[in-house]
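Participant: Following this message is one structure expressed as structure tokens.
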Amino acid sequence: MSSREKILALVKANQPSLTSLPSLDIPVDVHLDLVENFTFIATNIGSRVMEVSGFDEIKETIAKLFLPGRIVSSFPELADIAEIQLTDPDPHSLANVNLAVLGAELGVSENGALWLSENNMMQRVLPFICQHLALVVNKKSIVANMHEAYRVLGNNNPGFGAFIAGPSKTADIEQSLVLGAHGPRSMTVFLI
């Protein structure tokens, strides 16, 4: 056994046990329209939010805003306009993706963020390397706040996931805002 194998075996054998999430009973404003508030916040942080009735409307929007260009999607409903299977396991092969259309498991009304687990990413790097990102989320899956989001997610451990809120943004000390420096230049949210 090589030194590397010994070290990896020791690391694997000494994994900490999982800790239960704390109980957080935070009151939720029951009068808040979650979809309306989510839309307001997400729009203010730079996302485009569209309520759609189905994938036909999503296809129309994609055709207007993102074609021509390479489109990758985890939805079989978009197979006629997008790649729905990735054949090259090399993440670098995704560098020329213009649009990635993926499914978010839930949205958070208080901050406009969407939870995306690696189960829906196709490849971990995809939501971050594409030029434009579109996430599809069921309106019924929008929760009030992060406490409720973590309660819904529970100890579901997909291995990797991220809350994504708007397009990539960064600014320097002179407050010059740059979109897309560290990720997608735009984010579209389809509420279905």
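The values are calculated or read from the model by the stated rules, or taken from the named source; none is laboratory data. Bear in mind the structure is a predicted one, so any value in this text is a computation, not a measurement. Every residue, glycine as well, gets a Cβ built from its backbone with ideal geometry; the counts of neighbours run over all protein chains shown.
Participant: Which one of these is buried (at least 19 other Cβ atoms within 10 Å of the Cβ) and either farther than 24 Å from V52 by Cβ or among the hydrophobic types (A, V, I, L, M, F, W, C) (or both): L191, L179? Working first, answer last.
Facilitator: Values: L179 fails: buried (at least 19 other Cβ atoms within 10 Å of the Cβ).
Checking each option against the conditions leaves just L191.
Participant: Sticking with this structure for a sec: Please verify whether A9 is within 22 Å of N138 (Cβ to Cβ) and of a type outside the set (F, W, Y), treating the condition exactly as stated.
Facilitator: Values: within 22 Å of N138 (Cβ to Cβ): no; of a type outside the set (F, W, Y): yes.
Criteria not met by A9.
Participant: A further question follows. Tell me which residues, restricted to the range 86-117, are under 9 Å from the mean Cα position of the chain (by Cα) and not aliphatic (A, V, I, L, M).
Facilitator: Listed by number, the residues that qualify are G103, E105, W115, S117.
Participant: Being surrounded by 12 or more Cβ atoms within 10 Å (Cβ to Cβ) and either in a strand (DSSP E or B) or out of contact with any helix residue (DSSP H, G or I) (no Cβ under 9 Å at 6 or more places or on another chain) (or both) is the filter here, so list the residues in the range 161-171 that pass it.
Facilitator: G161, A162, F163, I164, P167, K169, T170
Participant: Considering only residues of the range 134-155 that are assigned to a strand (DSSP E or B) and out of contact with any Asp or Glu (no Cβ under 8 Å at 6 or more places or on another chain), which is surrounded by the most Cβ atoms within 10 Å (Cβ to Cβ)?
Facilitator: To start, the set of residues in the range 134-155 that are assigned to a strand (DSSP E or B) comprises 134-137, 142-143.
Filter once more, keeping what is out of contact with any Asp or Glu (no Cβ under 8 Å at 6 or more places or on another chain): 134-136, 142-143.
On the way: A134: 27, L135: 23, V136: 23, I142: 24, V143: 22.
My answer is A134.
Participant: Tell me, which residue of the range 63-114 that is of a type in the set (S, T, Y), at pLDDT 95 or above and in a loop (DSSP other than H, G, I, E, B) is nearest to R185 (Cα to Cα)?
Facilitator: By that ranking, first place goes to S74.
Participant: Please find, among E174, E110, E118, the residue that is of a type in the set (D, E), surrounded by 14 or more Cβ atoms within 10 Å (Cβ to Cβ) and farther than 23 Å from P76 by Cβ.
Facilitator: E110
Participant: Quick check: anything in the range 45-58 in a strand (DSSP E or B), surrounded by 14 or more Cβ atoms within 10 Å (Cβ to Cβ) and aliphatic (A, V, I, L, M)?
Facilitator: Yes: one or more hits.
Participant: Specify which of the listed residues (P158, P127) is under 15 Å from G103 (Cβ atoms) and in a helix (DSSP H, G or I).
Facilitator: P127
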